[in-house]
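This report concerns only the one structure given below.
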Amino acid sequence: MEYPEMDSEEDEEYGLTLPVSRRKRRKSVHTTADLCLRLICKAMRGNQWEKAAELLASYVQTLMDRGKQGVAIAPEIIRRIGSEILLNHPKSTNDDINIFQETMKNIGCKKYLQISMEQVCHLLCSGQVDEAHRVLSLAESWRSGRHSYVQRPLQTLLRAHRAVLNYRSWVEKGSALSQSAPDCSSQSSSANAVAGYYRQATTSFQEILKFSGVWDPFVLNYVDLLESSGENREAEKVLTKYANNTKNPANPNAQVYLYEFMKRQHAPEEKLIEVLRVLYAKTPSHKLMLKFSKLLGNSGSEDNQKLSLLVLFDLLDFSGWKKDVNAWRHFAKKLKKAFRRKHGAWILQAWQPRKSWWPSYHFTTYQAKSDWQDGAKLAMKKASVAGMLLGPTCCYFTCIRQSGKKTQKAAITRMKKFIAKHNCEILQKASSPEGDVEEETTGAEVTENHRGLRLRRPPLTGPRALRRPPDWAPRPPPPP
């Protein structure tokens with residue numbers, strides 16, 4: 001947008017001195033309003049909130065004669081700018097903000113529920129819980145034809161916040177009731193009030209959970225409400241339904257909340273494994289995957305034992321775990337256990353797709369020096385893993401062996417003895433067929449004669465190779 005050229009002459013309109021444009025393409029009132037808006041934005045960028053408030057008062061007056069389009073967008077402009085100014089003005093009070101928001105609801109902004117939601121958040125931040133409760137009650141009962149139909153999602157959100165306020169009142173009344181003196185009349189009235197808040201909060205939470213979405217803070221309050229009242233089965237149903245609802249967006253937190261609840265209820269490990277299995281499919285880098293691997297390792301199933309190792313491989317694919325001592329310690333322990341129990345196929349299955357990029361990702365000389373400076377525990381565990389995966393000649397293991405030959409002499413000696421007999425190089429050689437290894441090393445062709453004896457034919461080189469028939473076969477046996 002090209003700004004109009006400014007003249008040194010000034011004209012005074014609507015009680016505000018503003019520069020006048022040389023170009024008279026638009027009415028002077030509209031031009032003055034646009035210039036006033038630019039001055040307001042400039043004052044806000046410079047944190048001149050008092051000047052911006054004075055300009056906004058004049059801007060409201062200049063909008064009186066604008067056309068239909070200007071009248072339609074004017075309330076939204078004033079609401080956004082006015083809210084920002086009042087929130088940062090040094091002399092504004094909570095009452096000023098509340099009055100401004102109440103006024104903006106009824107001047108054609110068509111965003112009654114959105115303004116109410118912003119007002120409730122400000123009231124809660126300033127500690128005016130009762131006023132926030134009043135605003136929520138009015139917003140729930142507000143109806144304005146098609147405008148209320150368009151804002152239905154906001155009605156659900158307002159209902160959810162009211163449920164949270166009822167939950168908060170239930171907690172406060174319940175704690176006050178437990179600490180109050182034993183008086184029959186007062187305790188009876190307080191118990192009725194607590195039961196009323198519990199009923200209202202429960203009903204509101206049940207209504208909002210019928211809609212798909214991410215309702216994490218509200219679900220936690222609802223579960224705490226049920227769990228504190230002894231309704232553990234109902235709380236488990238709520239969390240299970242919330243975690244397994246396919247209509248909800250992908251949300252790993254739902255599985256985490258269900259796992260934490262089951263852990264508090266001392267659920268069997270089989271149930272915990274099933275919950276974490278779903279979380280593993282969604283977020284293999286989650287911090288609970290270390291616990292998941294340990295739970296799988298404690299089970300007697302070989303499939304779970306294999307999955308326990310694969311979970312650690314997937315976990316260490318992510319950079320957030322590169323320097324986690326517990327993860328590398330558990331990984332080294334799992335690898336040693338797999339080698340001792342002759343489960344080398346599991347290791348090779350997980351290592352093959354990673355052997356091309358893990359060495360430069362985890363096991364470089366620079367990383368070895370950096371890990372040794374961070375702590376000997378991390379470096380020793382990673383060196384053990386590097387030796388088992390890459391062999392005793394890898395640079396990471398060699399660097400750590402040289403760095404710790406004085407301080408970690410006994411540990412390095414034990415590590416060398418184990419790695420010399422257990423590493424992926426030995427596994428790959430053992431898993432390759434004998435004939436294939438000979439062919440790769442010598443390049444000779446192996447055939448069978450008519451007696452079934454294996455014959456070795458050296459490869460043809462030079463001109464003889466060109467004269468070789470494409471479908472060469474050994475000479476057929478002589479006739480009997």
What shape does region 359-426 take by its C-alpha gyration tensor, where a ≥ b ≥ c are the square roots of the eigenvalues and a/c under 1.5 counts as rounded, a/b above b/c as prolate, and the rest as oblate? oblate
For residue 374 paired with residue 291, estimate the spin-label separation in nm (one decimal), with each label point 7 Å from Cα along the Cα-to-Cβ line. 2.3
For region 323-361 versus region 206-238, the gap between their alpha-carbon centres in whole angstrom: 40
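Rounded, prolate or oblate: which one fits region 225-309, using the alpha carbon gyration tensor with axes a ≥ b ≥ c (rounded when a/c is under 1.5, else prolate when a/b beats b/c, else oblate)? It would help to have the intermediate numbers written out before the result.
On the way: a/c = 2.46, a/b = 1.48, b/c = 1.66.
Here region 225-309 falls in the oblate category.
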Per-residue ³J(HN,Hα) for region 335-343, Karplus 6.51 cos²θ - 1.76 cosθ + 1.60, θ = phi - 60°, Hz, x for Gly and Pro: 5, 4, 5, 5, 5, 5, 8, 6, 9
Let me check the size of region 81-225 from its C-alpha atoms; what are the radius of gyration and Dmax in Å? 17.5, 54
What are the radius of gyration and Dmax of region 232-271, computed over its Cα atoms and given in Å? 10.2, 29
If all Cα-Cα distances of region 139-256 are sorted into 5 Å bins from 0 onward, what percent lands in each bin, rounded to whole numbers? 2, 10, 19, 18, 17, 13, 10, 6, 3, 1, 0
Evaluated at 10 °C and 1.306 mPa s, the Stokes-Einstein D of region 286-352 based on the Kirkwood radius over Cα pairs, in µm²/s, stands at 133
Honestly region 71-145 on the Cα gyration tensor test (a ≥ b ≥ c root eigenvalues; a/c under 1.5 rounded, otherwise a/b vs b/c for prolate or oblate) is just oblate
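What is the magnitude of the charge dipole of region 176-313 about its Cα centre, with +1 placed on the Cβ of each Lys and Arg, -1 on the Cβ of each Asp and Glu, and no other charges, expressed in debye to the nearest 20?
Dipole about the Cα centre, nearest 20: 400 debye.
What is the magnitude of the charge dipole of region 245-332 about its Cα centre, with +1 placed on the Cβ of each Lys and Arg, -1 on the Cβ of each Asp and Glu, and no other charges, expressed in debye to the nearest 20?
Values: 13 positive and 9 negative charges, 64 e Å.
In debye, rounded to 20, region 245-332 gives about 300.
Every number in this text was worked out from the coordinates using simple rules, so none of it is lab data. Treat the numbers as computed from the prediction; the structure is a model and nothing was measured. Cβ: placed from backbone, ideal geometry, glycine included. Neighbour counts: every protein chain shown.
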